[in-house]
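Down below is the structure, laid out as structure tokens.
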């Protein structure tokens, strides 16, 4: 197992002048062998590592050569104003620091490499593109510098190390990885080979081809074509200064990186990175995580450090918070081998220690696990009804008549209206019986032959105009409950928007019917309901709010006064009470997201498999396209029975079989359309600008598949638009079909990754707004169409489509771009008071259901709102501290927020530190060895747990 590292923490020239001086090239005189004892911690440990363990070091990158955008090379430690070469490029003007020259002279067994450092797109891209000859200048100067260093350090300098780094949303062009490959080839051919040097490249950690996309410009398989001597993967900083706290190299991520390395790079030439340092992240203010060396962690843990404000006074001294110096212990993280330490934190909770609170007897928050970490979330909002000035609550009808279903439901909204129980009624149309003598249908005798009716008669002590809130149960997708209030007709469920959230999950809820005039004596009559909708009662009140919200969790917080060192008596250090802060900060570690289009429908298909449904097109949800009798027991005689009128219904065809999760594959719906076309379309037309997503996998080389959207003409298939992934010609297409004809509106060539990805699971997304159609695969937008349209986008049904292939669909998601649901807010509830936090400032209002009133593709565009879709620590509120137990609730005000950890700590400052130590180093090395890699690269000497060197073998063992 070979060990490489880099120089960053070496002593400055002024510091080193106290230790030694160069009397002639390669000859040094020691002035003060103990001078290193007065250097700073990182410099001191850097020096000790070389003094004591140089025999364990295989190679070192001399991190001393910065590269400008014009290709010139400067002294990275001194700054851009210090070019390495003199003006005519014949000699070294600025050498690396004296301490490094000393080490290179004294330890020839180490493979020393000249490391070229070029960070940021503004520097990297001009060199890749050879703008104004920048690449030519770089290669020329690099060769000259290498020649001069080889003359000064004969036999010591063994290689060139390329450390070009940038982050982009995606490569500027498909050729960008090739441009970097060609630059590496040029350095190899024009510099390294003529001078007998090796070449090593540092690469960001990637887990797949072009994944993550922001590092895709260094795609491994493309870089491997340069056939370099060594590759070094920077598999540290998974958790970085701008991310949530965590280990620099979590094992699950390391294994994904190693799997990809094994597939595309020669492991025997590849070093895998390990962080010698750690980071400390603030838990109650927006500050980047700061690097912390192992020696600094020990001093934190021994109570020798405390927090500062991150700024200095007029005398240049740090401003320190009024905190006690308190010793802490570090906890061992089994997954990564790291230590993590909480500094001035008084209580903390992982997700599993939260109590999930139900609402109205229903589970509304859930625990999940992602990347070995548990989190809590609400998948959708639920109604937390708020009534003001209740005049009367009607829980049970005073009378019923006609055809009433026996299938009544009962609901106790104990959190909304404690103490009340509502009873449901499903009023049905009167039944007809077939009369053979007259070949006609006649009403049945008795109650079942009469249309059902439910009456609520009640009195009010104070007549007036009040809000009428109906308690209802809505069935799948549709509802219609006609009522008459003191002679005024109203239909519950009519003229409500398609994105009304209680269509999605059929449920009991309170429906706002608006305001009505009420007298002392009143009557509400309910007529025939549609599609099994149920009326369950009414609330008459002065005001009402839906109160849409995610769920709540509860923590039993226990704060105690910490201890600190006291006086020393007879050689024993006493413990005394430390200062308790005046205030504590409540902090939640969260993933927040940008607003999402309001969801109407999302199907993961697992419940159908659990219910042993054999074909989804035989369900009401995805009704197959037929001409049939929509409602039974109608007034029309058909074949000796009474039926409703014939109607064209449904949009689906083919056999779509739900499959339960098994063998590592998620639940899905499967269709064999190798010899036909098939589509699974939700049995409802929508009148909104649609946002549709489908997670799909096709299994055959002849595949054409995708999303059918804005389908019309129920009872038929082959109408409307299709977003196609067409593997017969490797294109993404927008197609319109009508009456048996087909028209291709737009075509885009598949990327190489997508074209070679047949059999992989892809997320296909359709976004529509005011006649504009976008088609995306994953995050890549293939089609943005705003031309003429042969069909309407004003109304239609949506689903998935397949032709000539077997297909698996894992998720069908239908939403609207006409309303957006924020996914950002949380609140803390302490002593009965709620503190709402994290609402972003937008120029849009909220509607009564809590949606942002915005229609378009991106409500955050141009608003400078920073939500990074990663875990971050967000302080919610500062409150007075206490000693003892207190129950605190955290409410996920918005759905889609993930809560991982909850902390309570010092209101001035508290933090969490994560550090690798010997255990973390051993954990990483075990996996690196198992994958047959050349060795480990540790960033960087001077910050490490010094015990790591005791674990390393000599480089040639």
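Taken over the alpha carbons of the stretch 560-649 as equal point scatterers, the Debye sum produces base-10 log I(q)/I(0) values at 0.11, 0.13, 0.17, 0.26 Å⁻¹ of -0.69, -0.80, -0.99, -1.22. When a/c reaches 1.5 or more, the comparison of a/b and b/c decides; with that in mind, is the stretch 252-360 rounded, prolate or oblate per its Cα gyration tensor? Judged from the Cα gyration tensor, the stretch 252-360 comes out oblate (a/c at least 1.5, b/c at or above a/b).
Helix content alone sets the calculated 222 nm mean residue ellipticity of the chain: runs of n ≥ 4 DSSP H residues at -39500 (n - 2.57) each, divided across all residues, give -3500 deg cm²/dmol. Taking the 0 to 90 degree range and rounding to the nearest ten, how far is the long axis of helix 251-264 tilted relative to the main principal axis of the chain, both from C-alpha atoms? The answer is roughly 80 degrees. The shape of the chain can be summarised by an equivalent ellipsoid whose semi-axes, obtained from the alpha carbon gyration tensor, come to 65, 38, 21 Å from longest to shortest. Compared with the dominant Cα axis of the chain, that is its longest principal axis, helix 41-53 is turned about 60°. Only beta bridges with both residues in the chain are counted; by DSSP, about 85 percent of them are antiparallel. Computed over the Cα atoms of the stretch 636-740, the ratio of the radius of gyration to the Kirkwood radius (Rg/Rh) comes to 1.05.
Using the average count of surrounding beta-carbon atoms within 10 Å as a protection proxy, the listed peptides 205-217, 591-603 rank, highest first, as 591-603, 205-217. Rounded, prolate or oblate: which fits the stretch 752-831, taking a ≥ b ≥ c as square roots of the Cα gyration tensor eigenvalues, rounded meaning a/c under 1.5, else prolate when a/b beats b/c? Since a/c reaches 1.5 but b/c is at least a/b, the shape of the stretch 752-831 is classed as oblate.
Can you tell me how much longer the chain between residue 579 and residue 465 gets when fully stretched, taken as 0.36 nm per residue apart minus their C-alpha distance, in nm with one decimal? That works out to 35.2 nm of additional length. Pairs of Cα atoms nearer than 8 Å and 6+ residues apart set the relative contact order; for the stretch 386-545 it is 35 percent. Quick one: helix 176-187 against the long Cα principal axis of the chain, what's the angle to the nearest 10°, folded into 0 to 90? The answer is roughly 10 degrees. Taken as Cα centroids, the stretch 352-384 and the stretch 42-78 sit 49 Å apart, rounded to the nearest whole angstrom. Full extension of the chain between residue 396 and residue 786 yields a length gain of 135.0 nm, computed as 0.36 nm times the residue separation minus the alpha carbon distance. As a size descriptor, the averaged projected area of the C-alpha convex hull of the stretch 711-868 was calculated at 13.5 nm².
For the stretch 386-545, the fraction of C-alpha pairs farther apart than 21 angstrom is 48 percent.
Start at zero, step by 10 Å, and the Cα-Cα distances of the stretch 865-957 spread as 10, 28, 20, 21, 17, 4, 0 percent across the bins.
Averaging the sequence gap over all C-alpha pairs within less than 8 Å and six or more residues apart, then dividing by the number of residues, gives the chain a relative contact order of 16 percent. Taking the average, over residues, of other Cβ atoms within 10 Å as the packing measure, peptides 882-895, 700-713, 853-866 rank 700-713, 882-895, 853-866 from highest down.
When each of the peptides 840-849, 912-921, 418-427, 354-363 is scored by how many other beta carbons lie within 10 Å of its residues on average, the order from highest to lowest is 912-921, 418-427, 354-363, 840-849.
Values quoted throughout were computed directly from the atomic coordinates according to the rules given, and no laboratory measurement underlies them. Bear in mind that the values here come from a model prediction, so they are computed numbers and not experimental data. Here the Cβ is made from the backbone with ideal geometry for all residues, glycine too, and neighbour counts use every protein chain on show.
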